[in-house]
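A short worksheet on the structure shown next.
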Amino acid sequence: METKTKPTISNNWRYKISIKDKFQDETTAELIAELSESMPKQLSEIKKQVANSTLVEDEKSDLDNELEELVGHFDFLKELANGTITEDEWGDYSFDGDFEQWFNDYLTQTYDLGDRRVLNKHNVLEKFMWIE
């Protein structure tokens, strides 16, 4: 019977995304569109890196799904904020016009994912993603 060794815990962050430098004093639909364009690009890049990483396969699969979901959320919000999805259609998506609230909800999901510890093939648990 094989015994598993307890993983080593590292305080290193595996990945990093930058967003806080784009924040402004006033939240507008234009700002949300800009932020919601930046997030999918960065998350998609991390998704590619995860696929080619030393993370264990179960982690890769879970992260791939969660990152894909977040990319979809931010892409959707970008289309609401930039007018691709018109105000006439907002009701179809139960959107009430509160871009900031929706962005904050998606950002909270991103922080939750970032705070997660992930296991690599060297039996080390690392912090997943730093958001600055």
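Computed from the coordinates by the stated procedures, all read-outs in this text should not be read as laboratory data. All of these numbers come straight from a predicted model, not from anything done at the bench. All Cβ positions, glycine included, derive from the backbone under ideal geometry; neighbour counts span all protein chains shown.
Kindly work out what percent of the DSSP beta bridges joining two residues of the chain are antiparallel, to the nearest 5.
Numbers: 4 of 10 bridges.
Counting only bridges with both partners in the chain, antiparallel ones make up about 40 percent.
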Under 25 Å from the Cα of residue 20 - lysines, other chains or at least 8 residues apart:
41, 47, 48, 78, 127
At 20 °C in a medium of viscosity 1.002 mPa s, the chain has a Stokes-Einstein diffusion coefficient, with Rh taken as the Kirkwood radius over alpha carbon pairs, in µm² per second, of 133 µm²/s
Quick calc: nm separation of the 7 Å Cα→Cβ label points for residue 6 and residue 89 -> 5.3 nm
Which of the trypsin sites (Lys or Arg not before Pro) found in the range 4-80 are in a DSSP loop and have at most 10 neighbouring Cβ atoms, other than their own, within 10 Å?
4
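Explain nothing, just the number: relative contact order of the range 27-131, from Cα pairs under 8 Å at least 6 residues apart, as a whole percent. Display every interim value, and only then the final one.
Working: 106 pairs, mean separation 32.9, N = 105.
It rounds to 31 percent for the range 27-131.
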